[in-house]
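Note sheet for the following structure.
The values are calculated or read from the model by the stated rules, or taken from the named source; none is laboratory data. Values in this document were obtained by computation on a predicted structure and should not be read as measured data. Virtual Cβ from ideal backbone geometry, glycine too; neighbours counted across all protein chains shown.
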């Protein structure tokens, strides 16, 4: 390949490299999230985490085969994705900030740039064909871009699966879904049995927001239409759902019983386990991974390994708008109190 020929081919080579890289990154994210967040969801819901990778792969193969068509799809797709993201941010937060506007520019600009590069490749390919150029007769060389576009993502899926699946299949589950007493250094609590005090799934398929849980007892009694109302930790104690849980933890009373309550971040962290043993986790008061002697997992007695939630709400608030939650690996995070997510559960506690 001469220097001038290489320069003409450079847009196409860069475009192919970018779509293969993008597909590979989305594949890594998707398969990792499938084993992290998606594991435990009823099939085929976990496959939703692979949709972005599948879309990228489809666009990649399309653009590699028909660069002009694929280029226009990427240009228009990048623009449409950015507008969709802005709309979602506006609906979620009620306003669109400058940071929210700029947050998707790098991704959308990359999509548009890749689309433009494919358009240039389409123009140059047509000129090469008119000049008598023909693809290599060697099958592997002729289809190298397609092989890389499919082979690299497939390799990522196999490698991540080999690293993650064995541990997931060995998760400790003693089958108990009743009330459980968990005693560890600095904590000794009874955790609610399966029922309204533990991962009460709503009709829309998800679990209540922090606000809805905290304001359960405010008229009208229930969780409906309370996600957007402001709530504070004092509400979680007085009108929170856990306060209405009956002594056996199997039903909700009409009036507060004040037997059960929402656990604190510190109590959740200290109660994490691994293979039936306390993980020795201690919270330092900040966000991030707690200091643990063992890496905890989504296992009994604290978690239901077969249920969708991988996070538990805590009674503490991070600020007026956000509340803490803890994942099964001992990572402490915060998100808006108004969010009700199918992966965010909760579990009430009481003193022994």
TODO: Check off (1) under 19 Å from residue 181 (Cα atoms); (2) in contact with a strand residue (DSSP E or B) (Cβ under 6 Å, 6 or more places away or on another chain); (3) buried (at least 23 other Cβ atoms within 10 Å of the Cβ) for residue 301 and give me the number that stays unchecked.
DONE: (3)
Open item on the list: Only one of 263, 296 is out of contact with any helix residue (DSSP H, G or I) (no Cβ under 7 Å at 6 or more places or on another chain), surrounded by 15 or more Cβ atoms within 10 Å (Cβ to Cβ), touching a residue at least 40 places away in the same chain (Cβ under 8 Å) and outside the structural domain of residue 40 (by TED's automatic domain parsing). Can you tell me which?
Closed with: 263
TODO: Quick one: residue 156 ticks every box in (1) over 17 Å from residue 20 (Cα atoms); (2) at pLDDT 85 or above; (3) crowded, with 18+ Cβ neighbours inside 10 Å except a single one, so which number is it?
DONE: (1)
Task: Meets criteria (without any contact (Cβ under 8 Å) to a residue 24 or more places away in the chain, part of a loop (DSSP other than H, G, I, E, B) and buried (at least 17 other Cβ atoms within 10 Å of the Cβ)) for residue 229 - done: no
Task: Residues satisfying the stated conditions in region 241-259, i.e. in contact (Cβ under 8 Å) with a residue 40 or more places away in the chain and in a loop (DSSP other than H, G, I, E, B) - done: 248, 249, 250, 251, 259
Task: Selected residue [touching a helix residue (DSSP H, G or I) at 6+ places or on another chain (Cβ under 9 Å) and in the same structural domain as residue 202 (by TED's automatic domain parsing)] from 245, 250, 215 - done: 215
TODO: Read through the list (1) touching a strand residue (DSSP E or B) at 6+ places or on another chain (Cβ under 7 Å); (2) crowded, with 21+ Cβ neighbours inside 10 Å; (3) touching a residue at least 60 places away in the same chain (Cβ under 8 Å), then give the number of the only condition that residue 317 fails.
DONE: (2)
Open item on the list: Of the conditions (1) within 30 Å of residue 271 (Cβ to Cβ); (2) in contact with a helix residue (DSSP H, G or I) (Cβ under 9 Å, 6 or more places away or on another chain), residue 156 satisfies every one except a single condition; which number is it?
Closed with: (1)
